[in-house]
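To start, the structure under review is shown below, and the notes come after it.
Computed from the coordinates by the stated procedures, all read-outs in this text should not be read as laboratory data. As the structure is a prediction and not an experimental result, all values here were calculated from the model. Every residue, glycine among them, receives a Cβ derived from its backbone with ideal geometry; neighbour counts consider all protein chains shown.
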Amino acid sequence: MKVRIFDTTLRDGEQTPGVSLTPNEKLEIALKLDELGVDVIEAGSAITSKGEREGIKLITRENLNAEICSFVRALPIDIDAALECDVDSVHLVIPTSDIHMKYKLKKTPQETLECAANAVEYAKDHGLIVELSAEDATRSDVNFLIELFNKGIELGADRVCVCDTVGVLTPEKSIELFKTLKEHIKVPISVHCHNDFGMATANTVCAIRGGAVQCHVTVNGVGERAGNASLEEVVMALQVLYGYETNIKTEKLYETSRVVSRLMKLPVPPNKAIVGDNAFAHEAGIHVDGLIKNTQTYEPIQPELVGNRRRIILGKHSGRAALKYKLNLMGIEVSEEQLNEIYEKVKHFGDLGKYISDIDLKAIVNEVTGKHAEEKIKLDELTVVSGNKITPIASVKLHFAGEDKHLIETSYGVGPVDAAINAVKKAISGVADIRLEEYRVEAMSGGTDALIEVVVKLRRGSEVVEVRKSHGDIIMASVMAVMEGINMLL
Ligand SMILES: CC(=O)SCCNC(=O)CCNC(=O)[C@H](O)C(C)(C)COP(=O)(O)OP(=O)(O)OC[C@H]1O[C@@H](n2cnc3c(N)ncnc32)[C@H](O)[C@@H]1OP(=O)(O)O
Ligand SMILES: CC(=O)C(=O)O
């Protein structure tokens, strides 16, 4: 069976406290979602604001493959706002639990039912596809839920949706509830789960097993409070563990995750299933040994299937097989005796609480083999000028050891860090094509004099290095990290 994916990253996902997307950012995410293959894009809630409507309009103008939907309350004013944006469908929501009807809506169940019925009729009269959605459905009387859904269906609702608004569903209850609903509802049933108890993925998958045919999900599981069911988890669980099909091009999951993370300014936790940077990372020696022999020993799926990649990390838990593998990848040959010595040093640094980066490993190898890699390009001078009445400007003087020459370059930036890194990039542009793929500030203790840790990821062709540098000055930490990465790639 093929499950329809209704993506609500741009609506419920954008309700993540503190997140707000510009119209163009919404469009960028919508284009990625369409490429990914979602069936429905809930582009927003048209009544919310002028900017929200601008974003939805930008998306509807693209004529994407996905159905474009707006959230609406059961109110004509919301439906009119959605119509103004030219959406295909509305996610027409009405609360059905006693607590929501009594305290929030201030309506009796009968008045609520009439409110929903009028709204469905209004939306259908205006040519919209209607997904009639019961808010707080999982704390509602199931007979009332069925009555309300069937009233809506009578008036033309095309689909219905059961919302576990505060995430209190359990997998067992989910299967039972959807089995019951399927017996009484003759249109496609959708499920919308929240992650308050970390059960959103399990509850969504169980809803499908019970009889739902469409699920509401968000990229990276973003959303209100603890978030929504995560698109990547639900899709992969449905496909790999239960044998359902979806239209998702799974190899685009990782890149979609990173676009959403970047635009929403919400980092993806390293241990996030499927798209986390640790989802296919291994340190434990026994695991890495197994992986080298056959990746299936410690990976349920291949990282390429979801566009992620395998990472072998060296540290306290590493074994010799991992070390040999890493050295081999880096093109470093050592004797068995040197290997043992390097291995002991890796363990020693691990015991000190350190993780061994590629640079650390190279330094250890150099120490053991007596070869000292020279710094090919050295930062001689760095000057940065920034302030409230000046475009940040930086100049760097680099020393190229091999040719014994100096190069001075100047550049602007949006801030002093950007200006400094732009100046370095400009200076080395004639030497090698090295791109800065990722820049983040990872750890900051309190206080204006705190130590700043900067992480950069640089690429030269197919070679990628990640470097961390700490310094009390964020500009120095940033430039030192970039310079070290450049030297590694040269
Ligand atoms: C579970 C969910 O995720 S629901 C979706 C949540 N999304 C949003 O809230 C979108 C962003 N919201 C907004 O921009 C604003 O809340 C607006 C524009 C929708 C409304 O703003 P306001 O008119 O100032 O109303 P406010 O937000 O204070 O209160 C909500 C009103 O909608 C009513 N309402 C809530 N849900 C529904 C519904 N499904 N159908 C009909 N009316 C509803 C409430 O009863 C309340 O009405 P009242 O003012 O008569 O008491
Ligand atoms: C409609 C919705 O987003 C919810 O009930 O959670």
Give me the percent of DSSP beta bridges within the chain that run antiparallel, rounded to the nearest 5. 50 percent
Normalised by the empirical 2.2 N^0.38 Å for globular proteins, what value does the Cα Rg of the stretch 1-152 take? 1.05
Where a ≥ b ≥ c are root eigenvalues of the Cα gyration tensor, a/c under 1.5 meaning rounded, otherwise prolate if a/b exceeds b/c and oblate otherwise, the stretch 200-253 counts as oblate
Modelled FRET efficiency - R0 22 Å, L31 with R262, Cβ distances, 0.05 increments: 0.95
Order of D433, D136 under a 10 Å beta carbon neighbour criterion, fewest first: D433, D136
Where in the stretch 324-357 does the label zone of K293 land, with the point 7 angstrom along Cα→C-beta and an amide N cut-off under 18 Å? 324-326
How high is the relative contact order of the stretch 4-264, given as a whole-number percent (alpha carbon pairs under 8 Å, six or more residues apart)? 20 percent
Specify whether the C-alpha gyration tensor of the stretch 281-369 places it in the rounded, prolate or oblate class, a ≥ b ≥ c being the square roots of the eigenvalues: rounded for a/c under 1.5, otherwise prolate if a/b is larger than b/c and oblate if not. prolate
Specify the inter-centroid distance of the stretch 246-268 and the stretch 369-412, based on alpha-carbon positions, in whole Å. 35 Å
In percent, how large is the relative contact order of the chain, given Cα pairs closer than 8 Å and 6 or more residues apart? 9 percent
Relative contact order for the stretch 386-452: what percent, with Cα pairs under 8 Å and sequence separation of 6 or more? 23 percent
List the pairs from K107/K249; K249/K457; K106/K182 whose alpha-carbon separation is above 32 Å, in the order I gave them. K107/K249
Given the chain reduced to its alpha-carbon atoms as identical point scatterers, what log10 I(q)/I(0) does the Debye formula return at q = 0.07, 0.08 Å⁻¹? -0.49, -0.62
At what distance in angstrom do the alpha carbon centres of the stretch 473-490 and the stretch 165-185 lie from each other? 53 Å
Net length gained if the chain between K354 and S20 were fully extended (0.36 nm per residue, minus Cα distance): 116.5 nm
Potential extension, E337-F400 segment - 0.36 nm per residue separation minus Cα distance: 19.2 nm
From the C-alpha gyration tensor of the stretch 377-489, pull out the three semi-axes of the equivalent ellipsoid (sqrt of 5λ each), sorted largest to smallest, in whole Å. 22, 18, 12
For I56, I342, order by how many other beta-carbon atoms lie within 10 Å, fewest first: I342, I56
Rounded, prolate or oblate: which fits the stretch 4-264 when a ≥ b ≥ c are the square roots of the eigenvalues of the alpha-carbon gyration tensor, with rounded for a/c under 1.5 and prolate only if a/b beats b/c? oblate
Exceeding 27 Å between C-alpha atoms, which entries from my cross-link table qualify? They are K293/K362; K2/K179; K26/K272; K50/K186; K345/K469; K26/K426. K50/K186; K26/K426
Given points 7 Å out from each Cα along the Cα-Cβ axis, report the K426 to Q302 separation in nanometres with one decimal. 4.5 nm
